[in-house]
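Input: a single structure, listed below in structure tokens.
Every number here is computed from the coordinates shown, using simple stated rules; none is lab data. This is a predicted model, so every value here is computed, not measured. Don't worry about glycine lacking a Cβ; one is built from the backbone with ideal geometry, like all the others, and counts go over all protein chains shown.
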């Protein structure tokens, strides 16, 4: 018998006058997992988080924590805590007072507050800082204090609303690893809201991709990256070349598409609904494309195409070549391999490119 989910939403809907922000969303989060809700600005993810926290009530549907419905239950009565994007630490209080604030509100005695505060600060890697002021801490330390302030209350679910958004790039990269480690340390269910796909991919056990108030797909990072169920997920999660054209042939899940500029593409359809004559989109990951500097390269097949290098964007291990197809003029972005073979690649050079059609994805254009 499976354990009761820490969080379960059933057909959760939120309307604002004639606008539906969250549209019949259903999902559950197992105990002790890291669940992210990923989507662009305005997709409804923050509204959903605020309903889980109790700051807003749903128009319809149910929301359960540990099997108990939270409909009509105020935020102070729910076993959840929330970390905001700007952390909301109190500058007039020292660190110990910040972390112990919620316990004081609950009427916990001073000696127990002191013990629990010191214990939680040690668990987030910040022992002995109870007397420091907020402005004496680095950005990463403030982040951990904000989490400690929530975790000292021992919530069943911790909600995080884009908590890394205000940090600089290097610290943000560091805090991805820190947050995942802290979640494992506390073994508490984290529900994380973000529009940054790299944050969700790195940290999450499961990710829900949200679009226009609905979940397009729920899955692991690998599921979403390699087997996206929709054109939106394929384009939003990770980088991809996107082409649009007409389907000219279908054989099982194998599809051939010709773009409006005449580029012939081979790909695989996920849901099998693509038919000849329809408009479709094809997505190809930049790292799935193989390059060669001559047409006879043994690694490329007979259908390798001729491209001219438009530019080379150097970014260490993530360097990219932007290519133009010699016949159609279509643009193709290709991740450069780290073998050093293309270290001297320059604008104007001729290269040949090919990809395995099984690594390209084809989706019907919406509205057909």
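I need the P(r) histogram for the chain: all alpha carbon pairs, bin width 20 Å from 0 out to the longest distance, whole percents.
Values per bin, smallest distances first: 25, 46, 25, 4.
Hey, what did segment 7-232 get for relative contact order, percent, Cα under 8 Å, at least 6 apart?
29
Express in nm, to one decimal, how much length is gained between residue 171 and residue 315 on full extension, taking 0.36 nm for each residue of separation and deducting their alpha carbon distance.
Full extension of this stretch gives 50.0 nm more.
Could you tell me which of rounded, prolate or oblate describes segment 109-165, using a ≥ b ≥ c as the square roots of the eigenvalues of the alpha-carbon gyration tensor, with rounded for a/c under 1.5 and, failing that, prolate when a/b is larger than b/c and oblate otherwise?
Since a/c reaches 1.5 but b/c is at least a/b, the shape of segment 109-165 is classed as oblate.
How much length is gained if the chain between residue 358 and residue 212 is pulled fully straight, taking 0.36 nm per residue apart and subtracting their Cα-Cα distance, in nm to one decimal?
On the way: separation 146, 0.36 × 146 = 52.56 nm, distance 2.93 nm.
Length gained, residue 358 through residue 212: 49.6 nm.
What does the C-alpha gyration tensor say about the overall shape of segment 239-364? Classify as rounded when a/c is under 1.5, otherwise prolate if a/b is larger than b/c, or oblate.
Because a/c hits 1.5 or more and a/b exceeds b/c, segment 239-364 counts as prolate.
Most mobile of 294, 17, 318 per a Gaussian network model of the chain (Cα springs, under 10 Å)?
Of 294, 17, 318, the Gaussian network model singles out 17 as fluctuating most.
So between residue 115 and residue 251, what do we pick up on full extension, going 0.36 nm a residue minus the alpha carbon distance?
Answer, rounded to one decimal: 42.3 nm.
GNM on the chain, C-alpha springs below 10 Å: top fluctuator among 200, 221, 88?
Per the Cα network of the chain with a 10 Å cutoff, 88 tops the list.
How high is the FRET efficiency from residue 181 to residue 92, r the C-beta distance, R0 41 Å, rounded to 0.05?
0.85
Only helical DSSP H runs with n ≥ 4 go in: add -39500 (n - 2.57) per run for the chain, normalise by residue count and round the 222 nm mean residue ellipticity to 500 deg cm²/dmol.
Calculated at 222 nm, the ellipticity per residue is -6500 deg cm²/dmol.
Please check: in the Gaussian network model of the chain (C-alpha springs, under 10 Å), which one of 236, 55, 84 has the largest mean-square fluctuation.
In the Gaussian network model the winner is 55.
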